[in-house]
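A quick write-up on the structure given underneath.
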Amino acid sequence: MAVLTDHPAATPARRHQRTARTLATRFLGYATLVFFGLVFLYPFVIQIGNALKTEPDAAANPLSPFPDPLTLAGFERIFAGTNFPLWLGNSLLVTVLVTIGRVFFDSLAGYALARLRFRGRGGLFAAVIAVMAVPGVVLLIPKFLVLNQLGLYNSYAGLVVPLLADAAGVFIMKQFFESIPVSVEEAARIDGASIFRTFWSVVLPMAKPALITLTILSFQGSWNEFPHSLVSVQDPDLFTLPRGLADLVSGSLGKGTQYPLKLGAALLATIPVAIIFVVFQRYFVRDANDGSDKG
Amino acid sequence: MATETLTAEATAGGGGPRRRRGGIRSNENLAGWLFVAPVIVILGLFLLLPILMALWVSLTDWNGQGSPFTGDVPFVGGHNYTQLFTEDGLARRDFMTSIRNNIYYVAIVVPAQTVLALGLALVVNNRMLKGKSFFRSAFYFPSVTSSVAISVVFLFLFANSGAVNSLLGFVGIDGPEWFADSRGVLHLLFGAVGVDSPPAALADGGPFGLTWWDWLAGPSVAMISIITLVVWTTSGTFMLMFLAGLQNVPVTLDEASTLDGASRWQRFRYVTLPMIRPTMFLVLTLGMIGSWQVFDQVYVMSQGDPAKTTLTPAYLSYRTAFRDFDYGSGAAISFVLFLIIIVLTLIQRRALAERNTDRPRRGWRRRRVPEGS
């Protein structure tokens, strides 16, 4: 504190200079925020605007967010002229099944790794950490091979079963279970509850925040999942939304045309995740910060 | 809390290891394995087993017909690997082109997203600004959306008469036909200083079947649009990591250095940056690991075109297997890619382990510096 009074900053002239600098900093700060806010959000504004335009209008005024004239023709063609409803149904089915499976299986395994003492636990946890490092893109051919061999290629089972558990989810749940006090479950166990009963009725209700985080991550991950559907199915009747969308852009419609339709379809595919993001934001943020802890 | 843990330990561990066999921990061995069984089965069946299967296939010339695990499939040993490195031919040319493309991709994406993420984090972390949480969400939002959906949007933005070219038109620049332009950015720069055709020294000869001139092409104009998309989508995630790191920089330290007359740049350079070095390292390595895996965007936006300048190893392995039905070569490419990524991951994990042993020293500095001022 003694330093503060000694410091020349206390003289009026300096103080004035500092206020001016603070104002300038603030202005610069807001200018940066607004500029990058536009950079990060305006593409979505353009997407919405152009999805509601006619094709010539979208080609002539790509930057303008205002459709002139406003038309729903693009959306009508999405539902009438493409398999969009089918993709939507498939995506919903896959996402719901994968999310339920991941939340259940990952928390079971996370609990066992955090609390139960069984032979081989240390090795298993090391394996989970190792598996987390396996990059998804090198699994494209391997996954196809095993699905083909097991007769699951081109089936709903092939689309869903391989995604039912993931190492990162197990890791998140284990970390969480380790953070809650052990006394409550010990009490339940002494009262004679079985291990599964203790887990199900005592521990899981306490793990709500972690379960919400995992549910959101699984939902987002499986809703957006693209490479897996690329190597597990070929039949257009089994396409999920990202797969159908990719097909729409690179194949069936050809390049450079029908942008209102394509942007509209991409928009519809983005909306569910956007809603969840807005509602459950803090759980997304928690995930990214966890990332910096676990590495 | 402390007492709870104590009692728990007393009940659980009080009897020592002998007790564990009886009492409430009797069936933990069985229960433990039952609890992890579903995850083991799924990951084993759809992750470990397939990797072994692909390792076998990478040693064969399987063409997708029938099962790769019968005697009919020609076994070729390491040929699928050697043709990527030592034999002159299309396979090596394509592979080395994809490696070149990805190196340039990494060289731009990693620094760009790191600088952007750090810059955004510094602004969002500024205590004097309001409405930061809105902007934080706005910057992060692209990271959670579908890579395919966002690629569709960027196809439109970078279309010939798209938004990016309209913007460039405002400042009088005639934008390129992004996805048809295979010219390398470095070649364009060389052209700008008058070197239009390769000098004789670079035109023929060069490592791994590509000429020096080809290696020095730089990312193509088409690749730049993919790079823009990726930097735009990933910066938000890394910004959040930097924000978490910045929260470890004690406010007192920043204030102390301000009072000592340090300029804004000096504070950033000598106070903030050293304090967030671990986060910086994490962001850099995660960025490198991630950018060797670029696939979805290439699949949707360019399929490796134009003139193979957006081909990446991940996409090449997919194309070789599923379009050319050369599963052996495709699998071999994935394993080389696997190796690259694993090496990067090991470097990262080793450094993170060192960072953890670093902690006491950082704690010492944290206490020490405010006292000293």
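The values are calculated or read from the model by the stated rules, or taken from the named source; none is laboratory data. Predicted, not measured: the structure shown is a model, and the values here were computed from it. Cβ atoms come from the backbone with ideal geometry, glycine included; neighbour counts cover every protein chain shown.
Things worth noting here:
Matching residues to (1) closer than 25 Å to B:Thr234 by Cα; (2) touching a residue at least 40 places away in the same chain (Cβ under 8 Å); (3) not basic (Lys, Arg):
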position	(1), (2), (3)
B:Leu90	no, no, yes
B:Ile99	yes, yes, yes
B:Ile103	yes, no, yes
B:Arg136	yes, yes, no
B:Ser147	yes, yes, yes
B:Leu157	yes, no, yes
B:Leu167	yes, no, yes
B:Ile173	no, no, yes
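- Residue identified as in a helix (DSSP H, G or I), within 14 Å of another protein chain (Cβ to nearest Cβ) and either out of contact with any Cys (no Cβ under 9 Å at 6 or more places or on another chain) or of a type in the set (Ser, Thr, Tyr) (or both) among B:Gly191, B:Gly175, B:Gly169: B:Gly169
Let's see how each residue does on (1) without any contact (Cβ under 8 Å) to a residue 60 or more places away in the chain; (2) over 30 Å from A:Gly169 (Cβ atoms); (3) out of contact with any Ser or Thr (no Cβ under 6 Å at 6 or more places or on another chain):
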{"site": "A:Val45", "(1), (2), (3)": "yes, yes, yes"}
{"site": "A:Phe79", "(1), (2), (3)": "yes, yes, yes"}
{"site": "A:Gly101", "(1), (2), (3)": "no, no, yes"}
{"site": "A:Phe104", "(1), (2), (3)": "yes, no, yes"}
{"site": "A:Ala109", "(1), (2), (3)": "no, no, yes"}
{"site": "A:Ala112", "(1), (2), (3)": "yes, no, yes"}
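- Taken across segment B:203-226, residues that are assigned to a helix (DSSP H, G or I), out of contact with any Ser or Thr (no Cβ under 9 Å at 6 or more places or on another chain) and under 30 Å from B:Arg127 (Cβ atoms) do not occur at all.
- Looking only at segment B:258-276, and only at residues there that are hydroxyl-bearing (Ser, Thr, Tyr) and at pLDDT 80 or above, the one that is surrounded by the fewest Cβ atoms within 10 Å (Cβ to Cβ): B:Ser263
- Wholly enclosed helices (runs of 4 or more DSSP H) of segment A:180-284 bearing at least 3 residues under 23 Å from the mean Cα position of the chain (by Cα) and surrounded by 19 or more Cβ atoms within 10 Å (Cβ to Cβ): A:208-224, A:227-232, A:241-247, A:259-279
- Just one of the listed residues (B:Asn160, B:Asn102) is assigned to a helix (DSSP H, G or I), within 14 Å of another protein chain (Cβ to nearest Cβ) and not basic (Lys, Arg), and it is B:Asn102.
- Some residue of segment B:337-350 being over 19 Å from B:Val110 (Cα atoms) and either of a type in the set (D, E, K, R) or at pLDDT below 90 (or both): yes
Yes/no per residue for (1) modelled with pLDDT under 85; (2) in a loop (DSSP other than H, G, I, E, B):
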position: B:Ile42; (1), (2): no, no
position: B:Phe46; (1), (2): no, no
position: B:Leu49; (1), (2): no, no
position: B:Met53; (1), (2): no, no
position: B:Trp62; (1), (2): no, yes
position: B:Ser67; (1), (2): yes, yes
position: B:Thr70; (1), (2): yes, yes
position: B:Val73; (1), (2): yes, yes
position: B:Tyr81; (1), (2): no, no
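- Of the residues making up segment B:123-138, at least one is surrounded by 14 or more Cβ atoms within 10 Å (Cβ to Cβ), aromatic (Phe, Trp, Tyr), in a helix (DSSP H, G or I) and facing another protein chain (nearest Cβ under 9 Å).
- Enumeration of residues in segment A:23-59 that are under 17 Å from B:Thr233 (Cβ atoms) and at the interface with chain B (Cβ under 8 Å from one of its Cβ atoms): A:Phe36, A:Gly37, A:Val39, A:Phe40, A:Leu41, A:Pro43, A:Phe44, A:Ile46, A:Gln47
- From the options B:Ser151, B:Ser220, residue that is more than 14 Å from every other protein chain (Cβ to nearest Cβ) and within 25 Å of the chain's Cα centre (by Cα): B:Ser220
- A:Val137 being at pLDDT 90 or above, crowded, with 18+ Cβ neighbours inside 10 Å and either within 7 Å of another protein chain (Cβ to nearest Cβ) or part of a helix (DSSP H, G or I) (or both): no
- Filter pass, A:Pro62 being under 16 Å from A:Leu267 (Cβ atoms), facing chain B (nearest Cβ under 9 Å) and modelled with pLDDT under 90: yes
- For segment B:335-357, filtered to residues that are in contact with a Pro (Cβ under 8 Å, 6 or more places away or on another chain) and closer than 17 Å to B:Thr82 by Cβ, the residue that is surrounded by the fewest Cβ atoms within 10 Å (Cβ to Cβ) is B:Val336.
- Residues located in segment A:170-179, provided they are crowded, with 19+ Cβ neighbours inside 10 Å and more than 9 Å from every other protein chain (Cβ to nearest Cβ): A:Phe171, A:Ile172, A:Met173, A:Lys174, A:Phe176, A:Phe177
- Matching option when the condition is more than 30 Å from A:Val184 (Cβ to Cβ), in a helix (DSSP H, G or I) and out of contact with any Leu (no Cβ under 6 Å at 6 or more places or on another chain), among A:Ala114, A:Ala109, A:Ala127, A:Ala58: A:Ala58
- Residue in segment A:189-200 that is under 16 Å from A:Arg102 (Cβ atoms) and in the same structural domain as A:Asn148 (by TED's automatic domain parsing) present: no
- In segment B:53-71, the residues that are of a type in the set (Ser, Thr, Tyr), in contact with a helix residue (DSSP H, G or I) (Cβ under 6 Å, 6 or more places away or on another chain) and either at the interface with chain A (Cβ under 9 Å from one of its Cβ atoms) or under 16 Å from A:Leu147 (Cα atoms) (or both): B:Ser58
- Single match in B:Val230, B:Val298 (criterion: aliphatic (A, V, I, L, M), in contact with a Phe, Trp or Tyr (Cβ under 7 Å, 6 or more places away or on another chain), more than 10 Å from chain A (Cβ to nearest Cβ) and within 23 Å of A:Pro43 (Cβ to Cβ)): B:Val298
- Whichever residue in segment A:20-58 is surrounded by 20 or more Cβ atoms within 10 Å (Cβ to Cβ) and polar (S, T, N, Q) and, among such residues, is farthest from B:Ile150 (Cα to Cα): A:Asn50
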